[in-house]
1. Given the conditions (1) at pLDDT 95 or above; (2) in contact with a Gly (Cβ under 9 Å, 6 or more places away or on another chain), which single one is not true for Ala108?
2. Identify the single condition in (1) in a helix (DSSP H, G or I); (2) open to solvent by 30 Å² or more (accessible area, probe 1.4 Å); (3) over 14 Å from Met1 (Cβ atoms) that Val297 does not satisfy, given that it satisfies every other one.
3. Any idea which of Val437, Val460 is within 21 Å of Ala88 (Cα to Cα) and of a type in the set (Val, Ile, Thr)?
4. Quick check on my filter: what residues within segment 19-49 are buried (at least 20 other Cβ atoms within 10 Å of the Cβ), closer than 23 Å to Leu307 by Cβ and either in contact (Cβ under 8 Å) with a residue 60 or more places away in the chain or touching an Asp or Glu at 6+ places or on another chain (Cβ under 9 Å) (or both)?
5. Just one of Leu267, Leu224, Leu307 is open to solvent by less than 40 Å² (accessible area, probe 1.4 Å) and under 22 Å from Ala159 (Cα atoms); which is it?
6. Based on this model, can you work out whether Asp90 counts as of a type in the set (Asp, Glu), over 29 Å from Arg190 (Cβ atoms) and surrounded by fewer than 20 Cβ atoms within 10 Å (Cβ to Cβ)?
7. Among the strands (runs of 3 or more DSSP E) confined wholly to segment 381-478, which include 3 or more residues that are farther than 26 Å from Asn121 by Cβ and either touching a strand residue (DSSP E or B) at 6+ places or on another chain (Cβ under 6 Å) or open to solvent by 10 Å² or more (accessible area, probe 1.4 Å) (or both)?
8. If you check Gly238 against the conditions, is it open to solvent by less than 10 Å² (accessible area, probe 1.4 Å) and not in a helix (DSSP H, G or I)?
Amino acid sequence: MALTVLQPGFAGTSPPVWLRRALAEGLGGAVLFARNIADPDQTAALVAAMREENPGVVVAVDEEGGAITRLEARTGSSWPGNLALGVAGDVSLTERVARQMGRLLAAADITLNYAPVVDVNSNPRNPVIGVRSFGADPGLVARHGVAWIQGMQGAGVAACAKHFPGHGDTMTDSHLALPTVPVPRDVLARRDLPPFHAAIDAGVRAVMCGHLLVPALDDAPATLSHAVLTGLLREELGFDGLVVTDAIEMRAVAALRSPGDIAVGALAAGADAVCVGVSSPEGESVYALRDAVVQAVREGSLAEERLAEAAGRVLRLAGWYAREAPARAAALRDTDEGLGLAAATAALRVIGTAGRPVLRGAPLVVEMSARPTQAVGRATPLGIGGALAEVLPGTVRAEVAEGGALPDLADPGRPLVVAVHEAARHGWIQRLLAEAVQARPDAVVVETGLPGTPAGAVYVATHGNSAASARAAAQWLTDGG
């Protein structure tokens, strides 16, 4: 049972020997990252090899769309992220997009998608949620979250609403430190909890708890809080599906306790599966977690009944997935060509011009963004410059990082496009953007994150930085969309 509740990550594009052994011994899950994925055929072969050892293994992945993609990490996501879908405002479109994303996972035989994010992005300076949220309105987030879940699970792949009880009103990235949500309980009930309640009512199969400190609920992080996971999520909201932790090596909790203590504490609080993003090369760390759980049961700090309940929920999810094989087969036949680009185009918003400027020549594209968060993992491979280069050969790209300087902008014969990501959150981007617009008032500014104060003659907001969003912006700039 102690192995059943673990969901470790691993290195390599094929299952290492230790992982095969652990699966044969009853390891209940594993999580895939970009480091494990080369192409669709390889991914399917990887999962098939894992299922040879344990046919019921819960194979999980983070496939949110937008900047958060594992299956398309090498090319950029074909699907706009949540904010773009929220701005487009069509729940049927959101459901169709999620179903097509479900096709990708179904083709690889992946059980569980750690998505959607149903956090309400109430704090625009949030460093880790932002465009991953459907928006700042609880009702909108709830509606699109439900549509997304229906699309994904309609394709026979389990969805996972995250990050309970709500990561939207934080100023800290939980990969780096423990965030605090400093609001009274009535605000949580009115603002943060409705999307989770709606997801539960819609039959979401899993919920991921966030590494968050919510003083109105408990003085322990949500991951380790019986009041949050059992009292609130189970008893008040009535959720009886799988509760999975966020990765336990994240500093929000890793700075407080050892991995074994976190695993035991989370299980005791009410979690059913422990996500471990990074494992030791020979799997010793995974077996150490197993041993810590076993020891806790023997010593009485973790009830055997609680462990059995957790393991039972993992197996129940695996059983649901097995029964959904017909839905996955149907989804694989349900192609929706051009949907990703259409959805991204529906999210474009243009400010600052009465007309539609069309780039007649290859532009200079200046791209400025901060380093991606650990949730993203790596920068989006196809940015605005790359997308424009696909349709306007001769496009020149210049990437400017923090501490850098703008390139020469003086050539009036070459159009200028300045692409930024969440300029409002980064003073250095704001400063360089102002310099660029002052030097070239004809510049087109493309914001791929949360829109801020418009700058330049034309300001285009994509509401996301997926490959689909980049191509939608490039199409608009070159032929008027």
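The values are calculated or read from the model by the stated rules, or taken from the named source; none is laboratory data. Since this is a predicted model, take the numbers as computed values, not measurements. Here the Cβ positions follow ideal geometry from the backbone for every residue, glycine too, while neighbour counts run over all protein chains shown. The protein model used for the area step is the full one, side chains on, heavy atoms only, and it has no ligands, DNA or RNA in it. Shrake-Rupley method; radii C 1.70, N 1.55, O 1.52, S 1.80 Å.
1. (2)
2. Tallying (1) in a helix (DSSP H, G or I); (2) open to solvent by 30 Å² or more (accessible area, probe 1.4 Å); (3) over 14 Å from Met1 (Cβ atoms), Val297 fails exactly one: (3).
3. Selected residue: Val460, the only one of Val437, Val460 that is within 21 Å of Ala88 (Cα to Cα) and of a type in the set (Val, Ile, Thr).
4. Correct list: Leu19, Ala22, Leu23, Leu27, Gly28, Gly29, Val31.
5. Leu267
6. no
7. Per the criteria, 396-400.
8. Here the answer is no, as Gly238 does not meet what is asked.
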